[in-house]
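Novice: Attaching a single structure in structure tokens format; questions to follow.
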Amino acid sequence: MANYKDYGLRKPDPDFERIKKTVKLEEPDRVPLLESLVEYPVQSQFLGREVKSDDIKSQVEFYYQAGYDTVPITVSAMAFGKVDDASPISKVIQKKMLKSEADKADMTKWSLEYKSFINDRDDFDTFPWEELENPDLLKSLYEVGQYLPEGMKVIANSGKIFTLTWMLMGFNNFATKLIMDEKLVADVFAKVSQIQLMMLDKIFELPYVGVVWLVDDLSFGNGPIISPDHYRKFVFPWYKKIARKCHDNHVLVFQHSDGDLNPLMEDIIDIGTDLLHPIDPTCMSMSKTKQKYGDRLAFAGNVANELLRSGSTDEVDARVKYLIETMAPGGGYCLAAGNSVTDWGKFDNFIAMLKAAEKYGNYPIKK
Amino acid sequence: MDTRLEKIKEAVVGGKHNEIEGLVKSAIEDKVDLERIINDALISAMDVVGQKYSNNEIYVPEMLVAAITMKKGLDIINPLLLEGAKESKGKIIMCTVKGDIHDIGKNLVIMMLQGAGFDVIDLGVDLTTDKVIEQVISVKPDIVGLSALLTTTMPAMKTLIEALVAKGLRDSVKVMVGGAPVNADWAQKIGADGYAPDAGKAVELARRLVA
């Protein structure tokens, strides 16, 4: 099995205080690394053995060896990334909503990327919500505690209130009903949110959870998917409840959304978000965002996935150097990819990103 | 403009789907020219909707409800038009390219193109080059619209254009491209005829391409 030495990385010394200081807009010893998802093929390549979604021990090992202070674990009905059969919502749909066992082999029958399940009030009433309230969904979160090295904490990937709602309803159906049957949409939002709030109570019982990360894409590259007013009415009040609950339990709140969030930035701060990720490099300026909101919000991300896919290791090194020099002085910045570390990026570029973080990320930041 | 047409236009722009039928029926009873109701009120309203969407004055839900409203109005007029008078602005086939199943953008573009009077055939998602070529041969569209969300799938646009050239079909059809990672430079680089950044602009582009 490969470890940090094989990549010339520093000896791991995870310390969640590093993240806490950064979020408080203070300078820790170095710029922390942070991801809410490194895809399993990348973890597998790093460790030199296969890492699967249910292999929590290996996942902890990967994040530890790669130099992270946190390990992300999905606790919501939808995992970050693709809606595959590892996603809890997919398991519920497969178990309760397929007509035959054979349909499991056909992704178009159960994946929310292809098919929706709540078209009207009857569908809402008969949807097996109780399955999503099943504490078994927290199995990985309970398991991870025994593997955590000293200093490392867990990120509970939650959220997906907006995404899960529209995916359950189908995008066009959701968007039109938002105006033509507002009550139905509000009820789906409420149901999805209440389940997550209920899960939080169980999450807070685990002292090793340091962050709840709301992973929910709110914008396209040209602006919000629905109007800011609709977000304020249907989505943000739930985020606010989650954030308040987290803070009452001394857990940090991070938020992820792709797209241009400029029209929503004040709302994101008002919700109580501690850190925003990834400041989508395809449509937002990291330096301008930092300049405008950096005294009230910490950031992570912006190493573009396209750069990780098509760039050279030198280009990745230069981008990391720029981001750290621009964003990290005074704290408030964690180094991360422009979305997540995907299996379609170059592995060497991922390693180059980790190495550049070591090279340039020690405080005080030198230019 | 005729106040009856103005009201129909406002109803579409405002997504007043419960009011449109009454307004259109009333205009028909008043012998307002059907072509004018279509072109100067319904289609013209969708142009305003497209602009408002491009300017972030409205968002996807408002745009979709405007399109539903427009279609309700059109459904009242269509049976009254003489066969042959239903003028199509052009025939377009649309799909996401091979490997890409993300169709939100494509569906919005289709809806806006239909609202603008184009005859649109939705080929769906994850289309192989061969399948698109097959459709170009059988449907004989004026335009092929290609959508990609991922940088990993957008090269399939180039592959398709190369295949159109190889099959001798390139001169008979225009190609328009769009999607999050796509831009005008990419469109030019792969030899597409145009790029549109959103659904409203896609209508403008399609009109230019068939002009």
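Yes or no, residue by residue, for (1) surrounded by fewer than 16 Cβ atoms within 10 Å (Cβ to Cβ); (2) at pLDDT 95 or above; (3) more than 14 Å from chain B (Cβ to nearest Cβ); (4) closer than 29 Å to residue A:202 by Cβ:
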| position | (1), (2), (3), (4) |
| --- | --- |
| A:103 | yes, no, yes, no |
| A:106 | yes, no, no, no |
| A:112 | no, no, no, yes |
| A:118 | no, no, yes, yes |
| A:125 | yes, yes, yes, yes |
| A:131 | no, no, yes, yes |
| A:137 | no, no, yes, yes |
| A:144 | no, yes, yes, yes |
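Novice: When residue B:68 is evaluated against the numbered criteria (1) at the interface with chain A (Cβ under 9 Å from one of its Cβ atoms); (2) within 17 Å of the chain's Cα centre (by Cα); (3) under 22 Å from residue B:179 (Cα atoms), which criterion, by number, is the only one it fails?
Specialist: With respect to (1) at the interface with chain A (Cβ under 9 Å from one of its Cβ atoms); (2) within 17 Å of the chain's Cα centre (by Cα); (3) under 22 Å from residue B:179 (Cα atoms), residue B:68 is out only on (3).
Novice: Something else: Being among the charged types (D, E, K, R), surrounded by 16 or more Cβ atoms within 10 Å (Cβ to Cβ) and within 14 Å of chain A (Cβ to nearest Cβ) is the requirement here; does residue B:193 meet it?
Specialist: In short, no.
Novice: What are the residues in the stretch A:332-348 that are within 21 Å of the chain's Cα centre (by Cα) and away from chain B (no Cβ under 14 Å), if any?
Specialist: A:332, A:333, A:334, A:335, A:336, A:341, A:347
Novice: A follow-up question, please. Going through B:23, B:64, B:42 one at a time, which residue ends up being modelled with pLDDT of 95 or more and out of contact with any strand residue (DSSP E or B) (no Cβ under 8 Å at 6 or more places or on another chain)?
Specialist: B:23
Novice: Only one of B:174, B:167, B:140, B:158 is in contact with a helix residue (DSSP H, G or I) (Cβ under 8 Å, 6 or more places away or on another chain) and on the phi > 0 side of the Ramachandran plot. Can you tell me which? Steps first, answer last, please.
Specialist: Working: B:174 fails: on the phi > 0 side of the Ramachandran plot; B:167 fails: on the phi > 0 side of the Ramachandran plot; B:158 fails: on the phi > 0 side of the Ramachandran plot.
Of the residues listed, the single one that is in contact with a helix residue (DSSP H, G or I) (Cβ under 8 Å, 6 or more places away or on another chain) and on the phi > 0 side of the Ramachandran plot is B:140.
Novice: Among the residues of the stretch A:164-196, count how many are more than 14 Å from residue A:231 (Cα to Cα) and facing another protein chain (nearest Cβ under 9 Å).
Specialist: Going through the stretch A:164-196 one residue at a time, the tally reaches 5.
Novice: Another question, if that's okay. Which residues, counting only those in the stretch A:16-38, are of a type in the set (D, E, K, R) and either part of a helix (DSSP H, G or I) or modelled with pLDDT under 95 (or both)?
Specialist: As a first pass, look at the stretch A:16-38 and keep what is of a type in the set (D, E, K, R): A:17-18, A:20-21, A:24, A:26-27, A:29-30, A:35.
Once the filter is applied, which keeps residues that are of a type in the set (D, E, K, R) and either part of a helix (DSSP H, G or I) or modelled with pLDDT under 95 (or both), the stretch A:16-38 yields A:17, A:18, A:20, A:21.
Novice: Condition test on residue B:55, is it surrounded by fewer than 16 Cβ atoms within 10 Å (Cβ to Cβ), within 14 Å of chain A (Cβ to nearest Cβ) and either within 24 Å of residue B:103 (Cβ to Cβ) or not aromatic (Phe, Trp, Tyr) (or both)?
Specialist: It is true that residue B:55 is surrounded by fewer than 16 Cβ atoms within 10 Å (Cβ to Cβ), within 14 Å of chain A (Cβ to nearest Cβ) and either within 24 Å of residue B:103 (Cβ to Cβ) or not aromatic (Phe, Trp, Tyr) (or both).
Novice: Please go through (1) outside any helix (DSSP H, G or I); (2) over 30 Å from residue A:11 (Cα atoms) for residue A:155 and return the number of the only condition it doesn't satisfy.
Specialist: (2)
Novice: Is it true that some residue in the stretch B:135-151 is touching a Pro at 6+ places or on another chain (Cβ under 6 Å), crowded, with 22+ Cβ neighbours inside 10 Å, under 30 Å from residue A:308 (Cβ atoms) and not β-branched (Val, Ile, Thr)?
Specialist: Among the residues of the stretch B:135-151, not one is touching a Pro at 6+ places or on another chain (Cβ under 6 Å), crowded, with 22+ Cβ neighbours inside 10 Å, under 30 Å from residue A:308 (Cβ atoms) and not β-branched (Val, Ile, Thr), which makes the answer no.
Novice: Follow-up. So, of the residues in the stretch B:68-94 that are farther than 19 Å from residue B:33 by Cα, surrounded by fewer than 23 Cβ atoms within 10 Å (Cβ to Cβ) and of a type outside the set (Lys, Arg), which turns out to be modelled with the highest pLDDT?
Specialist: Per the stated criteria, the residue is B:90.
Novice: Which residues, counting only those in the stretch B:15-27, are more than 11 Å from chain A (Cβ to nearest Cβ) and in a loop (DSSP other than H, G, I, E, B)?
Specialist: B:19
Novice: Does the stretch B:196-211 hold any residues that are surrounded by fewer than 18 Cβ atoms within 10 Å (Cβ to Cβ) and either part of a loop (DSSP other than H, G, I, E, B) or within 14 Å of chain A (Cβ to nearest Cβ) (or both), and which are they?
Specialist: Listed by number, the residues that qualify are B:197, B:211.
Novice: Please enumerate the residues belonging to the stretch B:95-112 that are touching a strand residue (DSSP E or B) at 6+ places or on another chain (Cβ under 6 Å) and modelled with pLDDT under 90.
Specialist: Result: B:101, B:103, B:105.
Novice: Using the structure shown, decide if residue B:187 is surrounded by fewer than 19 Cβ atoms within 10 Å (Cβ to Cβ), assigned by TED's automatic domain parsing to the domain that holds residue B:126, over 13 Å from the mean Cα position of the chain (by Cα) and not acidic (Asp, Glu).
Specialist: Working: surrounded by fewer than 19 Cβ atoms within 10 Å (Cβ to Cβ): no; assigned by TED's automatic domain parsing to the domain that holds residue B:126: yes; over 13 Å from the mean Cα position of the chain (by Cα): yes; not acidic (Asp, Glu): yes.
It is false that residue B:187 is surrounded by fewer than 19 Cβ atoms within 10 Å (Cβ to Cβ), assigned by TED's automatic domain parsing to the domain that holds residue B:126, over 13 Å from the mean Cα position of the chain (by Cα) and not acidic (Asp, Glu).
Novice: Let me ask something else about it. Pairs please, first residue from the stretch B:6-25 and in the same structural domain as residue B:59 (by TED's automatic domain parsing), second anywhere and hydroxyl-bearing (Ser, Thr, Tyr), Cβ atoms under 7 Å, 6+ apart in sequence or on different chains.
Specialist: Note: pairs meeting the criteria are B:9/B:44; B:11/B:69; B:12/B:69; B:15/B:69; B:16/B:69; B:17/B:69; B:20/B:69.
Novice: Among the candidates B:168, B:117, single out the residue that is modelled with pLDDT of 95 or more and small (Gly, Ala, Ser).
Specialist: None of the other options fit; the residue is B:168.
Novice: Check residue A:194 against each of (1) part of a helix (DSSP H, G or I); (2) in contact (Cβ under 8 Å) with a residue 24 or more places away in the chain; (3) within 22 Å of the chain's Cα centre (by Cα) and name the one condition it does not meet.
Specialist: Condition (2) is where residue A:194 drops out.
Conditions tested, residue by residue: (1) within 13 Å of the chain's Cα centre (by Cα); (2) modelled with pLDDT under 95; (3) under 28 Å from residue B:87 (Cβ atoms).
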position	(1), (2), (3)
B:126	no, yes, no
B:130	no, no, no
B:142	yes, no, yes
B:158	no, no, no
B:164	no, no, yes
B:172	no, no, yes
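The values are calculated or read from the model by the stated rules, or taken from the named source; none is laboratory data. Predicted model only: the values in this text are computed from it and were never measured. Methodologically, a virtual Cβ is constructed for each residue, glycine included, from the backbone with ideal geometry; neighbour enumeration extends over all protein chains shown.
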